[in-house]
Amino acid sequence: MPLRDIDDLEKLKKINAALVSRVERSMDQQVNAFSLFQTAISLENRVRTRTEELHATLHRLERSNIELSAAKENAEQANLSKTRFLAAASHDVLQPLNAAHLSVSALAEVQTSEEGKKLVRQVERSLETMEDLLRTLLDISKLDAGVVQPEISDVSLEALFSSLRSDFLPEAEKKGLSLKFRPVNVVVRSDRTLLRRILQNILSNALRYTRSGGVLVGTRHRGDTIRIDVADTGCGIPDDQREAVFEEFHRGISTLADGGLTGGLGLGLAIVRRMAAALGHPVTFSSKVGRGTIFHIDVPIGMAPAEPASTAADMDRPRGYGLFGTRVLLVENDTDVLSAMTSLLERWQCLVRAATSTDDALDLIGDTDWVPDIIIADQHLDGGDLGTATIAEVRDYLGRPVPALIVTADGSELVAKAARAAGIELMRKPLKPAQLRALLAHLLA
């Protein structure tokens, strides 16, 4: 029906409202579609922006990882370089230190006045402190660099205890302390050298901080492990220092027999923790201030049968020092060490012939009937010669396995392996004359 034919006003209003409503809905739909289109465009831009930011972040992260990896590699190389430097530096420093040790030992034997003896003791103490510091810093450096690889084998605790008792008994007696090792017929799985160093450091601390009473070393079975106990009657460790005692340069104070004060270097227990961690041997302690401390080291039981334990009388029996007339072939290229060692051996009534290289050593025994009873050689000699090779050539020339000893400032495991393979004893410089004398007597027995 044409609009002009509609005369009902209400109908016209309704038709108008319907038309307006339809137009409005159509416009709303167009607006909504445009709005959705704008929203989609906006979201796309935001996604693109976030994606670009993510790519940039991943790129920066990748660069950071590369830089961190390079920094880590540089740090590891620096650490290894530090270890090599310390090894080389300690070798160069230990050479003159060894000569000083030997010279002071020879000097001590000719002192008659109390003042002279006191001065010699002070020099010896200073030299020992320098030696301990150098060796410990080198050991800590090697452990931190991860270059120490334990050689696990069956270790006889009886033999280990006997060796430690021989080393520490003079120090204990000098301070008026008792030092007892309970005989033990047991074998454990460990690295003999590292386990010995752990016990050495704990024993050294125990004697240093004990003024009266003494130190007792014993063992207890705990399932598949052996617990080694080192108990002292010293000053004890306060509860608030239980962790601090394992930190570098943490020192207590103890009194020397001559009234002086010493707190040690503060490195003994720091290296104990590192070595024990390398071996997987838990180290703990219990302590009461004013009453003493007990250190515990848990070590796995060994697989080899244990040797019969020595009796207390056997452990107390002193070693003989029958070196009179012993013919010693000494091979050493450092003139100061050569002079000091010769002087010391001659004071022990040894007959010494000295050489600086393999050719010199062979010349000394090639033109005479003089046959050495024992060979003492440095590992690094003139002309690139090695002491182990020199000993092998001398033995081959003489046609018999002459007892031999390598004395070196080279602390590498390579030297130790070479000596063991050739059946040669090994001592590290600087030497302790009493230990050298005891070892020579043992080799000649």
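The values are calculated or read from the model by the stated rules, or taken from the named source; none is laboratory data. Note that the structure is a prediction, hence the values are computed from the model and not measured. A quick note on method: Cβ atoms are made from the backbone with ideal geometry, for glycine too, and the neighbour counts reach across all protein chains shown. The area values use the complete protein model at the heavy-atom level, side chains included, leaving out ligands, DNA and RNA. Shrake-Rupley method; radii C 1.70, N 1.55, O 1.52, S 1.80 Å.
Could you please find all residues in region 237-247 being in a loop (DSSP other than H, G, I, E, B) and surrounded by 16 or more Cβ atoms within 10 Å (Cβ to Cβ)?
Initially, region 237-247 is screened for residues in a loop (DSSP other than H, G, I, E, B), giving 237-238, 242-243, 247.
Scanning region 237-247 gives a single hit, ILE237.
Kindly evaluate VAL120 against the criterion of being open to solvent by less than 30 Å² (accessible area, probe 1.4 Å), outside any helix (DSSP H, G or I) and modelled with pLDDT of 70 or more. Break it down stepwise before answering.
Numbers: open to solvent by less than 30 Å² (accessible area, probe 1.4 Å): yes; outside any helix (DSSP H, G or I): no; modelled with pLDDT of 70 or more: yes.
When the stated conditions are applied, VAL120 does not pass them.
Hey, does region 351-372 have a residue that's under 26 Å from GLY411 (Cβ atoms), assigned to a helix (DSSP H, G or I), at pLDDT 90 or above and among the aliphatic types (A, V, I, L, M)?
yes
Could you please let me know if ALA434 is in a helix (DSSP H, G or I), closer than 26 Å to ARG197 by Cα, among the small types (Gly, Ala, Ser) and open to solvent by 30 Å² or more (accessible area, probe 1.4 Å)?
Numbers: in a helix (DSSP H, G or I): yes; closer than 26 Å to ARG197 by Cα: yes; among the small types (Gly, Ala, Ser): yes; open to solvent by 30 Å² or more (accessible area, probe 1.4 Å): yes.
It is true that ALA434 is in a helix (DSSP H, G or I), closer than 26 Å to ARG197 by Cα, among the small types (Gly, Ala, Ser) and open to solvent by 30 Å² or more (accessible area, probe 1.4 Å).
Any residue in region 316-332 that is assigned to a helix (DSSP H, G or I) and modelled with pLDDT of 90 or more? Full working, then the answer.
Filtering region 316-332 down to residues assigned to a helix (DSSP H, G or I) leaves 316.
Narrowing further to those that are modelled with pLDDT of 90 or more: none.
No, region 316-332 contains no residue that is assigned to a helix (DSSP H, G or I) and modelled with pLDDT of 90 or more.
I'd like the full set of residues that are in contact with a helix residue (DSSP H, G or I) (Cβ under 8 Å, 6 or more places away or on another chain) and either crowded, with 18+ Cβ neighbours inside 10 Å or aliphatic (A, V, I, L, M) (or both), limited to region 362-379. Walk me through it before giving the result.
Kept after step one, since they are in contact with a helix residue (DSSP H, G or I) (Cβ under 8 Å, 6 or more places away or on another chain), are these residues of region 362-379: 362, 365-366, 370-379.
Scanning region 362-379 gives LEU362, ILE365, VAL371, PRO372, ILE374, ILE375, ILE376, ALA377, ASP378, GLN379.
Only one of (1) in a helix (DSSP H, G or I); (2) surrounded by 13 or more Cβ atoms within 10 Å (Cβ to Cβ); (3) modelled with pLDDT of 80 or more is not met by GLU115, so which one is it?
(2)
For region 243-288, which positions are touching a Gly at 6+ places or on another chain (Cβ under 6 Å) and at pLDDT 90 or above?
SER287, LYS288
Please specify each residue of region 328-343 satisfying the condition of being within 23 Å of THR388 (Cβ to Cβ) and of a type outside the set (Asp, Glu).
Within region 328-343, VAL328, LEU329, LEU330, VAL331, ASN333, THR335, VAL337, LEU338, ALA340, MET341, THR342 meet the criteria.
I need the full set of residues from region 210-236 which are among the β-branched types (Val, Ile, Thr), in a strand (DSSP E or B) and open to solvent by 30 Å² or more (accessible area, probe 1.4 Å), in order please. Break it down into steps so the answer makes sense when it comes.
At the first step, the residues of region 210-236 found to be among the β-branched types (Val, Ile, Thr) are 210, 215, 217, 219, 225-226, 228, 230, 233.
Checking which are in a strand (DSSP E or B) leaves us with 215, 217, 219, 225-226, 228, 230.
THR219, THR225 - these are the residues of region 210-236 that are among the β-branched types (Val, Ile, Thr), in a strand (DSSP E or B) and open to solvent by 30 Å² or more (accessible area, probe 1.4 Å).
Can you find a residue in region 193-203 that is at pLDDT below 85 and open to solvent by 50 Å² or more (accessible area, probe 1.4 Å)?
Step one: filter region 193-203 for residues at pLDDT below 85, giving 193.
Pick out the ones that are also open to solvent by 50 Å² or more (accessible area, probe 1.4 Å) and you get 193.
Yes - at least one qualifying residue is present in region 193-203.
Could you tell me which of the residues THR342, THR408, THR356 is buried (at least 20 other Cβ atoms within 10 Å of the Cβ) and polar (S, T, N, Q)?
Working: THR342 fails: buried (at least 20 other Cβ atoms within 10 Å of the Cβ); THR356 fails: buried (at least 20 other Cβ atoms within 10 Å of the Cβ).
Answer to the selection: THR408.
Out of everything in region 277-299 that is within 19 Å of ASP139 (Cβ to Cβ) and aliphatic (A, V, I, L, M), what residue ends up being most open to solvent (accessible area, probe 1.4 Å)?
First pass over region 277-299, keeping only residues within 19 Å of ASP139 (Cβ to Cβ): 277-281, 283, 295, 297.
Subsequent filtering for residues that are aliphatic (A, V, I, L, M) retains 277-279, 283, 297.
Numbers: ALA277: 76, ALA278: 46, LEU279: 22, VAL283: 33, ILE297: 0 Å².
Here the answer is ALA277.
When residues of region 51-75 are filtered for being modelled with pLDDT under 85 and open to solvent by 90 Å² or more (accessible area, probe 1.4 Å), how many remain?
3
Would you check if there is a residue in region 341-352 being over 21 Å from LEU443 (Cα atoms) and in contact with a Leu (Cβ under 6 Å, 6 or more places away or on another chain)?
First, the residues of region 341-352 that are over 21 Å from LEU443 (Cα atoms): none.
The answer is no; no qualifying residue exists.
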